[in-house]
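Enquirer: Take this structure first; my questions come after.
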C-alpha cells in the first residue's frame, strides 16, 4: 500500500486546518473541513473538489460563505488526507455512482442536509449524481467548470481505457509524482488549466501531486468513471443547476457547459455564467466572484 499524505507532517500548515476533522464511515476514513454557523437553522453548503485536487482548492471560498451558512468541504477517496479505499472497493467507491453514494453516507453520518451542493470539474458530476440517485434533495446545484459530458472525439473514446491501463501498470503513480516534482513540469501542468495561481496555490498542488498515493487516487477516479452513461441520465436531473464557467478554461471548455445545458432538455434552458479571464481553477483565481454566485439565491 502506498503511503498517503501524513496529517501531522503534511497537514501541519494545511489551509483552514482549524476546520479539519476525520470522519470514519463503514467504508472509508474521510478528511473533511466543517465550519458550522452559529445559527443551527442556517443553510449548509457542501463543496466538492475536482479530480486531483482537495479541500485546499476552496481555501479562499469557504471563509467567504461562513457569515451566512454552514460549510462543508471534503477530500474525495484517495485524495489528499482521505483514505485510499481497499482494493476490492475500487470499482464501487471510485465509480461516479459509488463516489456519490460514499459522499451521501458521509453526510448522513455527520447529520448534514445541504441546501446547496457546489462541485468543481468532476465534483460537479458527483453533485448531480447525488440528486439523480436520490441521495439528496438540495435546493440548488452549482457547477464550476463542470466535467459533465464525455470528452469529444478520439479523446473521449480512449481516455478512460488509458486511465484504467495506467492504474494497473506498476509504479505509474510514482513515476508521475517524480516527474511532477520538477518545477517546469508542474508549471506546465498548471498552465494547461488556463489558470494563474499564486505561490501558495502552486505549492499546495506540488505537495499533492508529488505524493504517489494522491496521484493513484486521481488516476483511479478517472479510470472508473463512465460519463457516457452519466450523459444519458442527465436529462432526468430535476434539481436547479447553475452553470459557471471560466472563459479561459483549457481543460473543460465553456462549450461543454453549453452542451450540458442543452442536454438537460429544460425550458427555459439553464443559463451559463461566464467569468472573463479565468481558467479551469476559477474558484482559486477569483474566490470572491465564486462566493457571490454561490450565495446569490440563499434566503
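Enquirer: Look through the range 250-265, keep the residues that are part of a loop (DSSP other than H, G, I, E, B) and more than 23 Å from residue 188 (Cα to Cα), and return whichever of them is modelled with the highest pLDDT.
Expert: Applying the filter and picking the extreme gives 264.
Enquirer: Within the range 239-250, work out how many residues are under 25 Å from residue 197 (Cα atoms), surrounded by fewer than 18 Cβ atoms within 10 Å (Cβ to Cβ) and either touching a residue at least 40 places away in the same chain (Cβ under 8 Å) or out of contact with any helix residue (DSSP H, G or I) (no Cβ under 9 Å at 6 or more places or on another chain) (or both).
Expert: Selection size over the range 239-250: 1.
Enquirer: Which one of these does residue 121 not meet: (1) touching a helix residue (DSSP H, G or I) at 6+ places or on another chain (Cβ under 9 Å); (2) closer than 29 Å to residue 263 by Cβ; (3) crowded, with 20+ Cβ neighbours inside 10 Å?
Expert: (1)
Enquirer: For the range 11-127, which fully contained helices (runs of 4 or more DSSP H) count at least 3 residues that are under 14 Å from the mean Cα position of the chain (by Cα)?
Expert: It comes to 96-110.
Enquirer: Still on this structure, please answer the following. Going by what's in this entry, would residue 155 be described as modelled with pLDDT under 65, assigned to a helix (DSSP H, G or I) and exposed (fewer than 14 other Cβ atoms within 10 Å of the Cβ)?
Expert: Yes, satisfied.
Enquirer: Kindly list the number of the only condition in (1) touching a residue at least 60 places away in the same chain (Cβ under 8 Å); (2) within 20 Å of residue 125 (Cβ to Cβ) that fails for residue 298.
Expert: Unmet for residue 298, out of (1) touching a residue at least 60 places away in the same chain (Cβ under 8 Å); (2) within 20 Å of residue 125 (Cβ to Cβ): (2).
Enquirer: If you take the residues in the range 197-236 that are part of a loop (DSSP other than H, G, I, E, B) and modelled with pLDDT under 95, which one is surrounded by the most Cβ atoms within 10 Å (Cβ to Cβ)?
Expert: Checking each candidate, the answer is 225.
Enquirer: Residues that are within 25 Å of residue 4 (Cβ to Cβ), out of contact with any strand residue (DSSP E or B) (no Cβ under 8 Å at 6 or more places or on another chain), at pLDDT below 95 and not in a helix (DSSP H, G or I): does the range 275-297 have at least one?
Expert: So far as the range 275-297 goes, no, none of its residues is within 25 Å of residue 4 (Cβ to Cβ), out of contact with any strand residue (DSSP E or B) (no Cβ under 8 Å at 6 or more places or on another chain), at pLDDT below 95 and not in a helix (DSSP H, G or I).
Enquirer: Out of all the residues in the range 78-104, which are on the phi < 0 side of the Ramachandran plot and in contact with a strand residue (DSSP E or B) (Cβ under 8 Å, 6 or more places away or on another chain)?
Expert: 81, 82, 83, 103 - these are the residues of the range 78-104 that are on the phi < 0 side of the Ramachandran plot and in contact with a strand residue (DSSP E or B) (Cβ under 8 Å, 6 or more places away or on another chain).
Enquirer: What number of residues within the range 1-55 are buried (at least 22 other Cβ atoms within 10 Å of the Cβ), in contact with a helix residue (DSSP H, G or I) (Cβ under 8 Å, 6 or more places away or on another chain) and either free of Cβ contacts under 8 Å to residues at least 40 places away in the same chain or closer than 23 Å to residue 223 by Cβ (or both)?
Expert: 8
Enquirer: OK, next. Identify, by number, the condition in (1) surrounded by fewer than 20 Cβ atoms within 10 Å (Cβ to Cβ); (2) at positive phi that residue 112 doesn't meet.
Expert: So residue 112 meets the others, but not (2).
Enquirer: Something else now. Does at least one position in the range 266-274 carry a residue that is touching a residue at least 24 places away in the same chain (Cβ under 8 Å), part of a loop (DSSP other than H, G, I, E, B), over 19 Å from the mean Cα position of the chain (by Cα) and more than 16 Å from residue 147 (Cβ to Cβ)?
Expert: Restricting attention to the range 266-274, the residues satisfying the condition of being touching a residue at least 24 places away in the same chain (Cβ under 8 Å) are 270-274.
Adding the requirement that they be part of a loop (DSSP other than H, G, I, E, B) leaves 270-271.
Filter once more, so that each one left must be over 19 Å from the mean Cα position of the chain (by Cα): 270-271.
Pick out the ones that are also more than 16 Å from residue 147 (Cβ to Cβ) and you get 270-271.
Yes, that holds for at least one residue.
The values are calculated or read from the model by the stated rules, or taken from the named source; none is laboratory data. Remember, predicted model here, so these are calculated numbers, not experimental data. As a convention, Cβ positions derive from the backbone with ideal geometry for all residues, glycine included, and neighbour counts pool all protein chains shown.
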